[in-house]
1. For the condition within 11 Å of the chain's Cα centre (by Cα) and either modelled with pLDDT of 95 or more or on the phi < 0 side of the Ramachandran plot (or both), what is the one hit in 46, 69, 60?
2. Kindly provide the set of residues from the stretch 28-73 that are surrounded by 13 or more Cβ atoms within 10 Å (Cβ to Cβ), charged (D, E, K, R) and in a strand (DSSP E or B), ordered by number.
3. With the structure loaded, tell me whether residue 132 is buried (at least 18 other Cβ atoms within 10 Å of the Cβ), modelled with pLDDT of 95 or more and either over 24 Å from residue 48 (Cα atoms) or not polar (S, T, N, Q) (or both) or whether it fails that test.
4. Would you be able to tell me the number of residues in the stretch 76-92 that are assigned to a helix (DSSP H, G or I) and without any contact (Cβ under 8 Å) to a residue 12 or more places away in the chain?
5. When both residues are 6+ apart or on different chains and their Cβ atoms are under 8 Å apart, which pairs have a first residue that lies in the stretch 179-191 and is under 14 Å from residue 69 (Cα atoms), and a second that is modelled with pLDDT under 95?
6. The conditions are (1) at pLDDT 95 or above; (2) out of contact with any Ser or Thr (no Cβ under 9 Å at 6 or more places or on another chain); (3) surrounded by 14 or more Cβ atoms within 10 Å (Cβ to Cβ), and residue 82 fails exactly one of them. Which is it?
7. With a cut-off of at least 2 residues that are closer than 27 Å to residue 39 by Cα and under 17 Å from the mean Cα position of the chain (by Cα), name the strands (runs of 3 or more DSSP E) lying wholly within the stretch 96-194.
Amino acid sequence: MKLRILILLLIVPLLYVNAQNKVNDYLNISGPIKLNQKEYNLVWSSHPNENYYKQEYLSSNENINKYGSMILIDFIKGDFNLKDIVDQKVGELQEMKKNNPVVNYQIFENNGEYILDFLISENSKDGKEILIAERNIYRYKLVNRGKNKGILLFAMSERGYPENMDSFFNNLKANTSKLIEIVGNYKLPEIEIK
């Protein structure tokens, strides 16, 4: 009897871990996502409230805690003004820039969509070293398909760490517009909330 109880107690944590690791494709996007000569697979998703869905994609050799590049797809159900949403994000960046000179951004508009290209960083406490540099290209689009009305955010995030910071910034300088074009020209997936 003791052995059975012990086995049951050992199984419960395993089931809990598996439940925590289960990833739901809330937006019904067939993968993998192919972008910039890489394949990205769904590795994490969240549905924190009834109107918000978030999914993250990595290539098979990446780690979610220390990635080189990641694809993010968010969807917020509702009736929104796209420019207001972009302006809100720009306001956040302007606030961050007051305390962090690395923060920088530019906005592009094309056919009713917006692209926000921005750079943020996490710095050491003394501010002398960049611990993580992150470039994000956010592409915002209004979706108006029946119950799937809202804002779709398709984004690419790239990170540099102390061991590759120089190459990260050199690549950023050399390919600033290339990645914007890649994200801007990508055929956005049709989302269907399950």
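The values are calculated or read from the model by the stated rules, or taken from the named source; none is laboratory data. Not measured: the values here are computed from a predicted model. A quick note on method: Cβ atoms are made from the backbone with ideal geometry, for glycine too, and the neighbour counts reach across all protein chains shown.
1. Answer to the selection: 69.
2. Residues satisfying the conditions are 38, 39, 54, 56.
3. no
4. Just the residues of the stretch 76-92 that are assigned to a helix (DSSP H, G or I), to begin with: 82-92.
Keeping just the survivors that are without any contact (Cβ under 8 Å) to a residue 12 or more places away in the chain gives 84, 87-88, 91-92.
Looking only at that region, the number is 5.
5. Listed by first residue and then by second, the contacts come to 179/36; 182/35; 182/36; 183/35.
6. Here residue 82 clears every test but (1).
7. Working: elements: 104-110, 113-123, 130-145, 148-160.
Counting at least 2 such residues, we get 113-123, 130-145, 148-160.
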